[in-house]
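Participant: Before anything else, here's the structure in question.
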Amino acid sequence: MLKTLPVIPLRGMVVLPGEVSHCDAGRKKTLAAIQAAANADGLAFVCAQLDGTKNNPKPDELERVGTICRVKQVFRLQNEGSMHMLLTGVSRAYAKQYISQEPYYEAAICDIGETKGDEVAVEALRRRLQEAFAQCAKLTGKLTSSQRSATGTMEDAGEFADMVAALFVTDVRERQQILEQSNVEQRIELLLSMLRREIQVLEVDAKINSKLHQEIEKSQKEHYLREKIRVIKKELGDDGEQEAQVFYERMKKKTLPESVAQRLKKEIVRFEGLPMGSHETPMARAYIECLLDLPWTEETKDRLDINHAQKILDKNHYGMERVKDRVLEYLAVQRLTGKPNGEILCFVGPPGVGKTSIVASIAEAMGRNFVRMSLGGVRDEAEIRGHRRTYIGAMPGRVIAAMRQAGSVNPVLLFDEIDKLASDFRGDPAAAMLELLDGAQNFAFKDHFLEIPYDMSKAMLLTTANDLDTIPRPLLDRMEVIHVESYLAEEKLQIAKRHLLKKQLSAHGLTKGNLRITDGQIMSIIQGYTREAGVRELERVLGAVCRKAAVQVVGGKNRVTINGQLLEEFLGKRRYHEEPIRLEPEVGVATGLAWTPVGGETLSIEAAVLKGSGNVQLTGKLGEVMQESARAALTYVRAHANEWGIEPELFEQKDIHLHVPQGAVPKDGPSAGAALAVAILSAFSGTPVKNDVAMTGEITLRGRVLPIGGVREKSLAALRAGITRVILPEGNRKDVEEIPEPARSELSFRFVAHLDDVFEETMVRMPVRQVEEKAYLPTSAPQPYHTRTQA
């Protein structure tokens, strides 16, 4: 007989006849079907979905065989649109045809009648099922007494089978098989096969649990006895034997060199025999633990893939090509030789340029452990080599402590700020570093506390410094110095875009969509609000911009776009200003170029001639070397006065005043000699100096122009100031290659060997010379005495 019932599809669930089940519903069609059943006689056709992941299954995606259930209780949950219902399975049924699909599924349902089969066979199977049911109930222990009594009083074999399946069959597919089986005999056989498999699993699980329980009991018993012994020994004041046993066990697990193993065993025996309360016990314990903690044979496997190392270095640092190339050379040599080459690298540069972080990237690229130790302010030699064990509270030095922390014999050790080492009456720590930083000696480094030679040759030892002048010569001789240049403005822009801005946005809870800042505004920050060699101040200023933007975002603004007006509102007026370029040629004013730790600068050197008695006045906080350059320039001009149409008596009748603006900033170095000479000649001859040319170079009394340092920074400073013609010493021709290609193509270089060449390139009109030009220019570029760096 057919009946029309609403259909309730369930995901991952099958309700058997006679089973009471709870479930939640939230889909619209399901809620409508529940409501329809509740408004009628409470009956509904409940079936399982073929695919439980679908939210809106079609009729052909539902099981045809299901259960007619009575919806007894319906509760609306707190979250709107969901219900909790109580279902009771009534009978098996078959969905013959779906009549409608809106607003819920409704189908023509027919009951599936049961066939008993052979009564004798059914009864025999029922008894077997009763035994299996009792065994499962015993193994699981999850049946209540009421459930046991209810199942025991069931006379109908089909109902009994359904009840057992509802209690112990959990797999959806297996429950569906039970539901589809209308023959009682075959249903019980199918259920018995499922229960036998479940009983086997439960028996194995019970054995495992029993074994674990026994082991836990045994462990707890041993723990109790050990604790009891420990407490007894503690009451007696003697626990050295137990500690010694722990040391022996740790020693067995550790691979040690023969000499170290013998020394360690001897120390443990000595520790074990110390009397209770001995003052030597803490020191002996500390020494043994130090030997056990130190890596003696443990090492990490080096990753010597050049391409991988290049990617890591490029990912973490922009620029620094010289440093990266040297690191790749180190890896390539180690890969070919199969052993460390023992070279000690020292990265020298101003603060904030990435010396420490590049070392961390080297460790990451090689797959080694990384330990950094700061040597700034270290005055005691014992901090490097450790204290002798005769002293109370003695401990190993920083080197051994770093190896202990690294946990491997081949870490990357960074000795940071090695130029900040100091010395006093307690010794010279720099002298203690001599053995460590010598590749021919550090295979047997001796620490006063350890007293055993320790092999440091497998560790990669790197150092950093800001100033080479404070490093003792013997120590500096043991290291290969690699100069880390200060960042150019263009490099700072790329670093800010690739690293700093992302870091600050994340630190302040912002996203790229919250803050929009152009390259031009970042460059304005670099040039107007920072004056440094590195990027630390730049990072702090970007952090200030992010904080200001965060206030506006919290106030309801989704995106903050930084423009010139808003930047000034966030950060205030510009702190630094570029010196404006001269608009026209002037008498007695020359443009020089200077190097500073934060980059290149242009210097406007002014000279004024006034009545006097031949005195020279130098202002602008000039250093001693720069003052000497000014006097050398004046001597050269005075010695060749006749050649330029200047009366020699003029130098005795006039005073000259040389001034370099920004008087509060100290200036020194020999590279302003050429610019000083041009300003002096212009002032005495009345000849204007071109305003579109800048110059640098050390001079001699014979007029030779010698090479200087900082060509890269000085040239970019000229370009930044709007000057495209740069005069450089002939000896610096090779250094032009260090200038980035885009900037190099915009600059016009003139290489000079003598001051007369400088005068010809810088004067608007040359003064009439009184004598024939002397043949002083060499046929080839002069050899520089040494490279100078203008500070």
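The values are calculated or read from the model by the stated rules, or taken from the named source; none is laboratory data. What you see is a predicted model, and the numbers here were worked out from it, not measured in a lab. All Cβ positions, even for glycine, are placed from backbone atoms using ideal geometry, and neighbour counts span all protein chains on display. Side chains included, ligands, DNA and RNA excluded: accessible areas come from the protein's heavy atoms. Shrake-Rupley method; radii C 1.70, N 1.55, O 1.52, S 1.80 Å.
Participant: Probe radius 1.4 Å, ligands and nucleic acids left out: which of 224, 248, 487, 94 has the largest accessible area, and how do the rest follow?
Facilitator: 224, 94, 248, 487
Participant: Treating only the Cβ of Lys, Arg, Asp and Glu as charged (+1, +1, -1, -1), what charge dipole size does the chain show about its Cα centre? Round to the nearest 20 debye.
Facilitator: Value, rounded to 20: 1460 debye.
Participant: Please find the FRET efficiency linking residue 577 to residue 315, where r is the Cβ-Cβ separation and R0 is fixed at 41 Å, and quote it to the nearest 0.05.
Facilitator: 0.70
Participant: Going toward the positive end of the dipole of segment 182-229, with +1 on Lys and Arg Cβ and -1 on Asp and Glu Cβ, which of 191, 209, 219 do you reach last?
Facilitator: 219
Participant: Which one of 333, 53, 583 has its Cα pushed farthest toward the positive end of the charge dipole of the chain, where Lys and Arg give +1 and Asp and Glu give -1 at the Cβ?
Facilitator: Of the listed residues, the answer is 53.
Participant: How many angstrom lie between the Cα centre of segment 687-745 and the Cα centre of segment 116-134?
Facilitator: Distance between centres, Cα-based: 106 Å.
Participant: Give the residues of segment 693-729 whose amide nitrogen is closer than 14 Å to a point set 7 Å from the Cα of residue 744 in the direction of its Cβ.
Facilitator: 711-713, 715-716
Participant: Sticking with this structure for a sec: Would you mind calculating the gained length between residue 569 and residue 118 on full extension (0.36 nm times residue separation, minus the Cα-Cα distance), in nm to one decimal?
Facilitator: Once the chain is fully extended between residue 569 and residue 118, it gains 152.8 nm.
Participant: Percent relative contact order of segment 597-737, based on C-alpha pairs within less than 8 angstrom and at least six residues apart?
Facilitator: 31
Participant: Right, another one. Rg/Rh for segment 157-197: what does it come to with C-alpha atoms and Rh from Kirkwood?
Facilitator: Rg/Rh for segment 157-197 comes to 0.89.
Participant: Rolling a 1.4 Å sphere over the protein heavy atoms, what is the accessible area per residue of the chain, to the nearest Å²?
Facilitator: On a per-residue basis, 51 Å².
Participant: Under 12 Å from the 7 Å Cα→Cβ point of residue 736, by amide nitrogen: which residues of segment 712-727?
Facilitator: 725-727
Participant: Please list 39-52, 301-314 highest first by mean number of surrounding beta-carbon atoms within 10 Å per residue.
Facilitator: In descending order of packing, they fall as 39-52, 301-314.
Participant: Counting only protein heavy atoms, what percent of the accessible surface of the chain is carbon or sulfur at a 1.4 Å probe?
Facilitator: 50
Participant: Now a separate question. Label residue 512 and residue 110 with points 7 Å out from Cα along Cα→Cβ: what is the distance between them in nm?
Facilitator: That separation, rounded to one decimal, is 6.4 nm.
Participant: Further, regarding this structure: Determine, from the Cβ-Cβ distance of residue 423 and residue 519 and an R0 of 41 Å, the FRET efficiency 1/(1 + (r/R0)^6), rounded to the nearest 0.05. Present the calculation step by step, with values, prior to reporting the outcome.
Facilitator: Values: r = 48 Å, r/R0 = 1.17.
About 0.30, to the nearest 0.05.
Participant: How many angstrom separate the Cα center of segment 158-205 from the Cα center of segment 438-499?
Facilitator: When both Cα centres are located, 74 Å separates them.
Participant: Counting alpha carbon pairs within less than 8 Å and at least 6 residues apart, what relative contact order, in whole percent, applies to segment 349-423?
Facilitator: Reported as a whole number, the value is 43 percent.
Participant: For 279, 22, give me the order by solvent-accessible area with a 1.4 Å probe, most accessible first, ignoring ligands, DNA and RNA.
Facilitator: Details: 279 155, 22 115 Å².
Most to least solvent-accessible, the answer reads 279, 22.
Participant: Assuming R0 = 51 Å, can you tell me the calculated FRET efficiency for the pair residue 215 and residue 554, based on Cβ-Cβ distance, to the nearest 0.05?
Facilitator: 0.35
Participant: Mind grabbing the accessible area of residue 136 for me, 1.4 Å probe, Å², rounded to tens?
Facilitator: The accessible area of residue 136 comes to roughly 0 Å².
Participant: Could you tell me the largest-minus-smallest coordinate of the C-alpha atoms of the chain on each of the three principal axes, in descending order and whole angstroms?
Facilitator: Extents along the principal axes: 144, 83, 47 Å.
Participant: For a protection proxy built on the mean count of beta-carbon atoms within 10 angstrom, sort 525-533, 169-177, 729-737, 252-260 highest first, please.
Facilitator: On the way: 525-533: 20.4, 169-177: 15.7, 729-737: 18.1, 252-260: 11.7.
Per-residue mean Cβ counts within 10 Å order the peptides as 525-533, 729-737, 169-177, 252-260.
Participant: Continuing with the same structure: Filter 311/503; 315/420; 420/503; 667/714; 311/502; 221/254 down to the pairs with a C-alpha to C-alpha distance above 26 Å, please. Don't skip to the end; give the middle numbers.
Facilitator: Values: 311/503 20 Å; 315/420 30 Å; 420/503 30 Å; 667/714 15 Å; 311/502 19 Å; 221/254 29 Å.
Pairs exceeding the cut-off: 315/420; 420/503; 221/254.
Participant: Residue 357 accessible area, nearest 10 Å², 1.4 Å probe?
Facilitator: Here the residue's solvent-accessible area equals roughly 50 Å².
Participant: For 198, 267, give the ranking by accessible area with the largest first, probe 1.4 Å.
Facilitator: 198, 267
Participant: Can you tell me what percent of all Cα-Cα pairs in segment 252-339 are more than 19 Å apart?
Facilitator: 61
Participant: If you don't mind, another one. Mean residue ellipticity at 222 nm from the helices of the chain, using -39,500 (n - 2.57) per DSSP H segment of n ≥ 4 over the full residue count, to the nearest 500 deg cm²/dmol?
Facilitator: Numbers: 27 runs with 333 residues, N = 791.
Dividing the helical sum by the residues of the chain leaves -13000 deg cm²/dmol.
Participant: Would you calculate the separation in nanometres between label points at residue 222 and residue 182, each defined as 7 Å from the Cα along the Cα-to-beta-carbon direction?
Facilitator: Using points 7 Å along Cα→Cβ, the separation is 6.3 nm.
Participant: Enumerate the residues in segment 291-315 having an amide nitrogen under 11 Å from the point lying 7 Å beyond the Cα of residue 335 toward its Cβ.
Facilitator: 303-310
Participant: With unit charges on the beta carbon (Lys/Arg positive, Asp/Glu negative), name the residue among 656, 637, 288 whose Cα is farthest towards the positive pole of the charge dipole of the chain.
Facilitator: 288
Participant: Now for a different question. Taking 0.36 nm per intervening residue step and subtracting the Cα-Cα distance, what contour gain separates residue 40 from residue 619 on full extension?
Facilitator: Full extension from residue 40 to residue 619 adds 197.8 nm.
Participant: Hey, what did the chain get for relative contact order, percent, Cα under 8 Å, at least 6 apart?
Facilitator: Values: 1409 pairs, mean separation 56.4, N = 791.
RCO, the chain: 7 percent.
Participant: For the chain, take the longest principal axis of its alpha carbons; what is the angle in degrees between that and the long axis of helix 519-529, to the nearest 10 within 0 to 90?
Facilitator: 60
Participant: Right, something else. So if each residue of separation counts as 0.36 nm, and I subtract the Cα-Cα distance between residue 631 and residue 243, what length gain in nm does that give?
Facilitator: Full-extension gain reported as 131.9 nm.
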